[in-house]
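Here's the structure we're looking at; comments come further down.
A short reminder: the numbers here are calculations on the coordinates, not readings from a lab. Computed from a predicted model, the values in this text were never measured in an experiment. We place every Cβ from the backbone using ideal geometry, glycine too, and count neighbours over all the protein chains shown.
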Amino acid sequence: MATKRKAAAMATAEDDDPVDPSDELVFIGLGGCQEVGRSCHILQYKGKTVMLDAGMHTGREGMSAMPYFDDFDLSTVDILLISHFHLDHAAALPYVLAKTDFRGRVFMTHPTKAIYKWLIQDSVRVSNTSSTSDQRTSLYTEADHINTLPQIETIDFYTTHTVSGVRITPYPAGHVLGAAMFLINIAGLNIFFTADYSREQDRHLVAAEVPNKTTVGKIDVLITESTFGISNAPPRAEREAGLLKGVSNIINRGGKVLMPVFALGRAQELLLILEDYWQRHPELQKIPIYYTGNTARKCMVVYQTYINAMNDNIKRIFRERMAEAEAAGNAKGVSAGPWDFRFVRSLRNLDRFDDVGGCVMLASPGMLQSGMSRVLLERWAPDPRNGVLMTGYNVEGTMARTILSEPEMIPAIMSGGHAGAGQNMGRKVRDDDAAVMIPRRCTVEEFQFAAHVTGVENVEFIEQVASPHVILVHGERSQAARLRSRLLDLNSRRLASNPKAHQTKVYSPENGAEVKIPFRKDKIAKVVGKLAQIPPPNSADSDDSRVVSGVLVQNGFKLSLMAPEDLREYAGLTTTTILCRQHITLATAGIELIRWALEGTFGSIEETSHVKSEANGHTGQNRSNGVKDEEEADEEIVPEPQRTFLIMGCVALKWSGREKQIELEWEGNTMNDGIADAVMAVLMTVESSPAAVKYSSSKSSHHHHHVHEQNGISFPHNEHKNISSDDRFSRLCMFLEEQFGDHVAPIETPKVSVQPDTKGTPAADAEVKEEQSDEEIDIESAQAAERARLAAMGIPVPGLEIRVDKNVAKLWLEHLDVECGNAVLRDRVKAVVERAVETVAPLWAVREQVKV
């Protein structure tokens, strides 16, 4: 049974009160905190666990590239959400599904899964060929990746799904095709995870937008990237112009352009830019544009499939190409659409690449750690006519970051790089081989086309979301610190101008650190069934303190309060009453000794039945039919009648005198079971007591009721059976003092109701003073009579006064009424008094008053 808490009582809780661990949101960064790479985060709230991303660090190898999975029990994860297909966000997923005890469900968008399949498969093959035998660590195989694909479930943007009581809604992130931001709702708490996102309108993706607060409600926690800290970028048109100028300069001097990119993502955006520029400049159309990568052609099919997931620019080009294809009768144009490039050639490997003349090469991987991009860098770096154009984010510790400083020499770690591209292309030299240094004479330029939000755009987005808690991830330590400092500065300025403005707490945790955010939310239960027919308490009336009791049923995070008989209809549950019986044979102890022992433990017990019987039903007279009775015995053995007692109002004790057997019967529940156990313990103790043994050794049996001497055996007076009113009053005071301290004082003046005459006339008003003296005498007489009446009932004082700070509560002892202006204190005093009454039994015994 449960009672509903009052909102007023919840409001009195101070901020420094201890918080229930289930009311704390716990954030644990297993990777991607104060670094870029191996993104993986854990959210725990209300017994639910959500895992965000499972990536690998692109600048490391083996287990060092993995998130710290050993620091967390993955078997407790309910949901794993993958934001997009990039390796630093999804490459560890096959390991999680195949090599750990993860048992949850995995979700990503449809385009993400389609590209993830080919991208991870290619990554496994490349890692197996590019790692040396000493460095190679088989984290998972290609078979592990393929076998775990069926475990991944796909969802669409703007659709809400409830999984294990957790609601998830994906929103477009604008980072790459299929990239999602997730709104996660756990027990009414809204958590928004942006992952990598972009607010820029580019040539093929929809920019990320702030969720509509009118539909989703307030965002309680925002988890966002801090990749570029507070830095800004030039306008999009200016950056495109600078990139195309850099390409033209290299081509005009007879060089080759190397643009290291990830196979999917920004590569498609750069291809659209180059395709448009080539189309507008016929003099460049003789210069080939190559797009390399084992998965390039396969994944382009995905881009052709999900045109509806892109922006209006792509849809416009698709309609134009479709119209052209229909006019020319070419169905191929209809199927390919905007991604049927006219000046871009797909290059699977370098075996057939004729490295002669100028060209533009978009090669993966973007970090220049291995693969085709590294082979071409080592091949083209010594020629000053060539140039490297960096367009993405460059992770610290990679060649992409190193080459920006334009070193004089770079290590040649790829064998076969100068001898053409055979089957050994892409394989690193062994660790025991001496690293060969080659000169770098090519030019290096950087243009910001990373699909990440800039620092200025990120701050604006965070301010629009207006979440009270912001957690910064996916950013190097310095960048995260700068962004955190900027947000805290804006928060201080906002509070200085408007003290009532929302305050933002910003967290930038390290990997492995826990962030605990308390959320005190009122627990609201919906009253249904018969209980809903009871009128609710009047909130305007502080004295209206009705309590609604019933069964509290939790379904997910929803609470319902209902009567037990409504469980089947409203909760689909059935109720069962278990009646427990226990039989005990006591050969030595008599009923009076048993009763005395029970009264010493439980106080006064109630005898519910006492059946009298005659000896064998005979009277020694002739029967009415004239037949003489059988010969009477010399001595009749009178059996003791069956007697029944009720202990603590819940355990019935039935005693059979002849069989010396006791039957205990009670309704099974936690409280009654405990009382029954205590009763059985008392009975077993009585059975082995010396008094019971002496009583059982008596030669004759003599039944007596309510006596303390039996066959020469005296039972001492049970002081707990009939406790005096003074003793009960002192115990009540003890309870109150334990709860409220020494601020408990008696009230000497009783409550009396003397009705003054309010229908006075002007003549009667002249006699007010005389009437007041008479009224005072009447009041004193009434008070004296009331004190006498209470004393006759055994009530020593009319009431007690309890002070807590400035609040005063009055407890009137006759009916145990509580008067107090503070509803919380009044309810607390009532609860203590009710517990005291249950413990010390009824406080006052009504005595018969002699009528005069």
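What are the ³J(HN,Hα) values, in whole Hz, obtained from phi via the Karplus relation 6.51 cos²θ - 1.76 cosθ + 1.60 with θ = phi - 60°, for each residue of the range 794-811 in sequence order, with x given for Gly and Pro?
Once rounded to whole Hz, the list reads x, 8, x, 9, x, x, 10, 10, 10, 10, 10, 6, 9, 9, 10, 10, 10, 10.
Just the Kirkwood number for the range 510-582, please: inverse of mean 1/r across all distinct Cα pairs, in Å, one decimal.
About 15.8 Å, per the Kirkwood formula over Cα pairs.
In Å, what Kirkwood hydrodynamic radius results for the range 549-607 from the alpha-carbon pair distances?
After inverting the pairwise mean of 1/r, the radius is 15.8 Å.
Which order do the peptides 39-48, 571-580, 170-179 take when ranked by the mean count of other beta-carbon atoms within 10 Å per residue, highest first?
Descending mean neighbour count gives 170-179, 39-48, 571-580.
Report, for the range 236-446, the % of DSSP beta bridges that are antiparallel, rounded to 5.
Counting DSSP beta bridges with both partners in the range 236-446, the antiparallel share is about 20 percent.
Enumerate lysine pairs in the range 236-446 that are 8 or more residues apart or on different chains, then count those whose Cα atoms are under 20 Å apart.
5
So how do 195-202, 89-96, 463-470 stack up, highest first, on mean other-Cβ count within 10 Å?
Descending mean neighbour count gives 89-96, 195-202, 463-470.
Just to be sure I understand the model, the point goes 7 Å from the Cα along the line to the Cβ. What's the resulting ASN349 to GLU565 distance in nm?
Going from the ASN349 label point to the GLU565 one covers 8.1 nm.
Which entries of LYS516/LYS806; LYS218/LYS505; LYS48/LYS99 show an alpha-carbon separation above 26 angstrom in the structure shown?
LYS516/LYS806
Would you tally the net charge around TRP666, using a Cβ to Cβ cut-off of less than 10 Å, leaving TRP666 out, and scoring K and R as +1, D and E as -1?
-2
Quick one: what does P(r) look like for the range 236-446 with 10 Å bins over all Cα pairs, in whole %?
For the range 236-446, the binned pair fractions read 8, 32, 35, 17, 6, 1, 0 percent.
Kindly rank 441-452, 480-491, 157-168 from highest to lowest mean number of other beta carbons found within 10 Å of each residue.
My ranking of the peptides, most packed first, is 441-452, 480-491, 157-168.
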